[in-house]
Amino acid sequence: MQDPAYRMTHVNEFRVPAGSFNCRYVPQAAVVAATARHSVTVWEAAGKVTYASRNRDGTPGVQLTGGAHATGGERDEYRWNRGGYAYVLVVGTARAPGGELRVERAGRVLSREPLLAYSVSRAR
């Protein structure tokens, strides 16, 4: 994208080895990602980074504000802190694809889920 303020306008489907999967459109999303247990959406505007998840088992997800976005080499890292826990989303680039969603407490990883699919809208 050429406009650094631009975010996703539509996503038709994710294509992964298991097949093609239709997607919902999420206005102004910076990241849309899926793990085996969660779907995740990240919005980033004017220095504010927001996270929302949905659990695939039907239980409520998490919504977090006040996150941080760091870019380093071949990955982007988004981080939110709440109640002593850190929620971390790492997404790769076309040259180094992949990523993970993890939860940490006191520097210790409590859970780690690989990303099965993701779409990123990066400012240039």
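Read-outs throughout are calculated quantities, based only on the coordinates presented, and are distinct from any laboratory measurement. All values derive from a computational prediction rather than experimental measurement. Neighbour counts are summed over all protein chains in view; Cβ atoms, including those assigned to glycine, are modelled from backbone coordinates with ideal geometry.
For the range 74-123, trypsin sites (Lys or Arg not before Pro) are listed when DSSP marks them as loop and at most 10 other Cβ atoms sit within 10 Å of their Cβ; the list is Arg95. Anisotropy class assigned to the range 4-120 is rounded, per the alpha carbon gyration tensor with a/c under the 1.5 cut-off. The loop-placed chymotrypsin sites (Phe, Trp or Tyr not before Pro) in the range 17-124, going by DSSP, that have at most 15 neighbouring Cβ atoms within 10 Å of their Cβ come out as Tyr25. Placing a label point 7 Å from the Cα of Ala36 along the Cα-to-Cβ direction, the residues of the range 95-115 with a backbone N closer than 13 Å are 112-115. Converting phi to 3J(HN,Hα) with the Karplus coefficients 6.51, -1.76 and 1.60 and the offset θ = phi - 60°, the range 100-108 yields 7, 10, 9, 10, 10, 9, 6, x, 9 Hz in sequence order, with x at every glycine or proline.
Multiply the residue gap between Gln28 and Asn55 by 0.36 nm, knock off their C-alpha separation, and tell me the result in nm, one decimal place.
7.6 nm
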